[in-house]
Amino acid sequence: MKSISKILLITLVALVLLVLAAIAVVTLLIDPNDYKDRITETVKTRTGRELSIPGDIRWSFFPWLGVELGEARLGNAPGFEPETFAAVKQVEVRVRLWPLLFAELEVGQIVLDGLDVTLQRNAAGVSNWDDLLQPAPERAGEPVPETGGPSPLAALAVAGLEMRQARVVWDDQSTGQYFEVNPLNLTLG
């Protein structure tokens, strides 16, 4: 009996060391900042909007594996002012490692620090987020990818959302309503 428990303990330690080694290799070999251009191009292709990421993207390790994104800005829809729809000073997203092995994504609390969003509706009733809710049209003759296949994830769980020092503006020009919430601190779990 002692030999079986010893074998299981050695196997568990080896598995933990393998996971830690994989994390070390990934973080040493992959710089998330190398993907900024690809991310901004994908956003431009899918939404038609400009995404600017002047801040750094960094790995985080403890207690979960994740990324921390510095300053980022998403452009507004054509015909709306100001030119920025949403901006954020910092974003933190972390995932648990073990569930990833079973195609499950367990996200910790998503943190949005310094979020600034301007929601607008013009006199014709068109909002500056309508285009984000619709599927991207075909661009330059490329077909829209089908999404009818099975999802690569078996499950998705998000522990919560925390917004710190957020500012949200609602400007409805069709009714003349204007509201601003500043600062908005919110924690959902």
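Miscellaneous remarks
- Residues of region 91-132 that are in a strand (DSSP E or B) and of a type in the set (Lys, Arg): ARG94, ARG121.
- Meets criteria (modelled with pLDDT of 85 or more, in a strand (DSSP E or B) and within 30 Å of PHE80 (Cβ to Cβ)) for GLN165: yes
- Test: residue in region 26-45 that is assigned to a loop (DSSP other than H, G, I, E, B), farther than 30 Å from ALA123 by Cβ and free of Cβ contacts under 8 Å to residues at least 12 places away in the same chain: yes
- Matching option when the condition is open to solvent by less than 60 Å² (accessible area, probe 1.4 Å) and not in a loop (DSSP other than H, G, I, E, B), among ALA87, ALA77: ALA87
- The residues of region 164-183 that are free of Cβ contacts under 8 Å to residues at least 40 places away in the same chain and not hydroxyl-bearing (Ser, Thr, Tyr), listed by number, are GLY176, GLN177, PHE179, GLU180, VAL181, ASN182, PRO183.
- Pairs with Cβ under 9 Å, 6+ apart, first in region 112-141 and farther than 15 Å from LEU74 by Cα and open to solvent by less than 50 Å² (accessible area, probe 1.4 Å), second among the β-branched types (Val, Ile, Thr) and at pLDDT below 85: ALA136/VAL144
- Residue match in region 48-68 (condition: open to solvent by less than 60 Å² (accessible area, probe 1.4 Å), in contact (Cβ under 8 Å) with a residue 24 or more places away in the chain, of a type in the set (Asp, Glu) and not in a helix (DSSP H, G or I)): yes
The values are calculated or read from the model by the stated rules, or taken from the named source; none is laboratory data. Predicted, not measured: the structure shown is a model, and the values here were computed from it. Note: ideal-geometry Cβ built from the backbone for every residue, glycine included; neighbour counts use all protein chains shown. The protein model used for the area step is the full one, side chains on, heavy atoms only, and it has no ligands, DNA or RNA in it. Shrake-Rupley method; radii C 1.70, N 1.55, O 1.52, S 1.80 Å.
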